[in-house]
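Working notes, beginning with the structure itself.
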Amino acid sequence: QLQASGGGLVQAGGSLRLSCAASGRTFNTYTVGWFRQAPGKEREFVAVISWSGRPTYYADSVKGRFTISRDNAKNTVSLQINSLKPEDTAVYYCAAGRYGPQLEWTNGRTYEYWGQGTLVTVSS
C-alpha cells in the first residue's frame, strides 16, 4: 500500500527527490516517516512528518540537507535530499502509522505500513 520511488545513483553533493505514494486507503490521517538501511547496518530513522504536515522532525545526520513534505490531496509524501554524501547510501523506506501514543516517531517498529524501499547510491 506504500510505494517508495526516486532512488538512484548520484555523485556526492548531488540531489534526489524520493516519493512515497499510498494506495488502498486514506493516507492523510497517518504520520509518515522515512527510514534507511545501509549495507551491514541497522535500519535508522531519517525524517518524519505528521498527518497535517507539521511538525516535522529529522535525524541530526540529515538535518539541513533533507526536507520532508506531503501532499494529502495526492496521497504522497516526498523527501528532498540535497548535498548527498557517500554515507547517505542506503535503501530508503517510507512507513506510515496512525497518530496516537503507540507511535514513536523514530521507532520503526511502531509503524503499521511499510513501502518496499528505494536504493540511493552516492558515489564519491
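Before moving on, here are some points about what is shown:
- If the condition is being open to solvent by 30 Å² or more (accessible area, probe 1.4 Å) and either in a strand (DSSP E or B) or more than 14 Å from Leu119 (Cβ to Cβ) (or both), then segment 87-107 contributes Glu87, Val91, Tyr93, Arg98, Tyr99, Pro101, Gln102, Glu104, Trp105, Thr106, Asn107.
- If the condition is being assigned to a strand (DSSP E or B) and open to solvent by 40 Å² or more (accessible area, probe 1.4 Å), then segment 22-40 contributes only Gln37.
- Residue satisfying all of: in segment 1-15; assigned to a strand (DSSP E or B) and open to solvent by 30 Å² or more (accessible area, probe 1.4 Å); farthest from Ser78 (Cα to Cα) among these: Gln11
- A Cβ distance below 6 Å, combined with a sequence gap of six or more or placement on separate chains, defines the contacts here; from segment 1-20, residues that are within 17 Å of Thr67 (Cβ to Cβ) reach residues that are at pLDDT below 95 and part of a strand (DSSP E or B) in the pairs Ser19/Thr76; Cys20/Leu2.
- Leading residue by the ranking (farthest from Arg54 (Cα to Cα)) among those in segment 71-86 that are open to solvent by 30 Å² or more (accessible area, probe 1.4 Å) and either aliphatic (A, V, I, L, M) or modelled with pLDDT of 95 or more (or both): Pro86
The values are calculated or read from the model by the stated rules, or taken from the named source; none is laboratory data. This is a predicted model, so every value here is computed, not measured. Neighbour counts run over all protein chains shown; Cβ positions are idealised from the backbone, glycine included. Side chains included, ligands, DNA and RNA excluded: accessible areas come from the protein's heavy atoms. Shrake-Rupley method; radii C 1.70, N 1.55, O 1.52, S 1.80 Å.
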